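Novice: Let me give you the structure first, and then I'll get to my questions.
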Amino acid sequence: MKSNPGNSKLWQLALLAALSITACKQAGYQVLNPGLLQPNNFEAPKSSAPTARVEVIDRGVSVTWIYVGTHVDIRPTADTLDPDYVGKDKCANPGIIAADYDLGAEKPAVKRDACSTLATTDKVFATAGEFVIKMTVKSQDNEQSEATMTLRVIDKSTPKDQIEGGFTIHAKPMLVGINQPVVFTGICELKGRLTTAWDYADKATGVGAVTQHGYAAIGSYLVKSTCTSDSGKKATASLTVVVMLNPPVIPEVAIPVPGNNPNLPTNPNCDPTQGPCQTAGQIPTGAKTIPDNTTEVWYYDPYCACYTGQ
């Protein structure tokens with residue numbers, strides 16, 4: 001059977017065209033039309049993953065412990081969002097379309113309908129215990145990020161002075177530029193003297209209830225933290241920080257201050273002006289962090305709603 005010279009010629013031309021396009025791409029160009037070249041932008045900005053932090057809301061207050069039978073909302077915080085949709089999506093949590101929760105035995109999933117909330121509204125914990133709540137959010141670009149916190153559910157028969165809370169963390173801001181400082185705050189309501197350890201997800205670590213860290217590279221970082229009491233009890237929490245070249249401005253979010261729990265009694269003997277008492281966002285005089293490795297140990301007193309030294 002004889003070959004067709006015309007077909008052979010067409011095949012050779014196709015091969016040469018493919019090789020030319022490949023060579024152009026390797027050289028940093030792309031072929032748009034015959035004779036027209038355009039530089040390839042191999043460094044074009046990529047879509048950014050969402051930030052993520054989860055919180056439990058009891059009567060409008062972010063808490064780490066509740067009584068059995070309390071109706072609460074579990075939701076992403078206001079600074080949980082997809083950076084690519086800031087200013088474009090007018091809903092709360094811009095760009096986020098779904099939130100999956102892992103509550104142990106229950107795994108509720110919430111999808112956004114129009115601008116509906118992503119919270120598991122009116123959730124009730126029927127049994128006492130410690131719950132590590134995990135939230136995974138998904139963006140319109142099908143990107144995912146996660147966050148966790150420790151919630152403690154207390155039996156109503158527990159004496160007030162024996163109540164221990166859980167643990168949540170805060171990063172301000174969660175959407176940052178390269179080498180921009182991020183202030184991390186641990187809200188731990190275990191009893192006793194506490195140590196808060198941090199894994200910043202870039203091989204760096206830290207210790208303290210309030211720490212600061214910056215990131216040298218663009219990316220999504222799942223920051224993990226563990227609070228340990230002097231009795232050996234532990235609680236964990238995590239959140240997702242996103243680092244960009246030019247991050248958009250995101251909403252300011254208040255730090256959930258321990259002691260604002262609506263279940264806490266008012267203690268008239270607590271007066272921060274009468275002794276060494278600092279809020280979670282402050283640093284004691286002469287100390288680097290709360291608690292720290294100096295001679296003075298700082299721990300959280302939930303009834304005074306402050307850190308005290310001894």
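Bear in mind these aren't lab numbers, they're just calculated from the coordinates by the rules spelled out. Please read these numbers as outputs of a predicted model, since none were measured by experiment. Every residue, glycine among them, receives a Cβ derived from its backbone with ideal geometry; neighbour counts consider all protein chains shown.
Novice: Determine, for 72, 137, 183, 210, the number of other Cβ atoms within 10 Å of each Cβ, and report the residues in order from fewest to most.
Specialist: If I rank by nearby Cβ atoms, fewest first, I get 183, 72, 210, 137.
Novice: With the cut-off at 18 Å, tell me which of the pairs 160/191; 107/191; 111/224; 134/233; 107/134 have Cα atoms farther apart than that.
Specialist: Values: 160/191 12 Å; 107/191 30 Å; 111/224 26 Å; 134/233 20 Å; 107/134 9 Å.
Long pairs (Cα-Cα over 18 Å): 107/191; 111/224; 134/233.
Novice: Among 59, 152, 112, 53, which comes first, then next, by fewest other beta-carbon atoms within 10 Å?
Specialist: Working: 59 13, 152 21, 112 18, 53 28.
Ascending Cβ contact count within 10 Å gives the list 59, 112, 152, 53.
Novice: For 141, 155, which order do you get if you count the other beta carbons within 10 Å of each Cβ and list the fewest first?
Specialist: 155, 141
Novice: I need the P(r) histogram for the range 36-149: all alpha carbon pairs, bin width 10 Å from 0 out to the longest distance, whole percents.
Specialist: 14, 42, 25, 11, 5, 3, 1
Novice: So for each of 218-225, 200-207 I average, over its residues, the number of other beta carbons within 10 Å; can you give me the resulting order with the highest mean first?
Specialist: Values: 218-225: 19.0, 200-207: 14.6.
Packing proxy ranking, top to bottom: 218-225, 200-207.
Novice: If you don't mind, there's one more thing I want to ask. When averaged across all projection directions, what area in nm² does the alpha-carbon convex hull of the range 54-244 cover? Display every interim value, and only then the final one.
Specialist: Values: hull surface 44.4 nm².
Averaged projected area of the range 54-244's Cα convex hull equals 11.1 nm².
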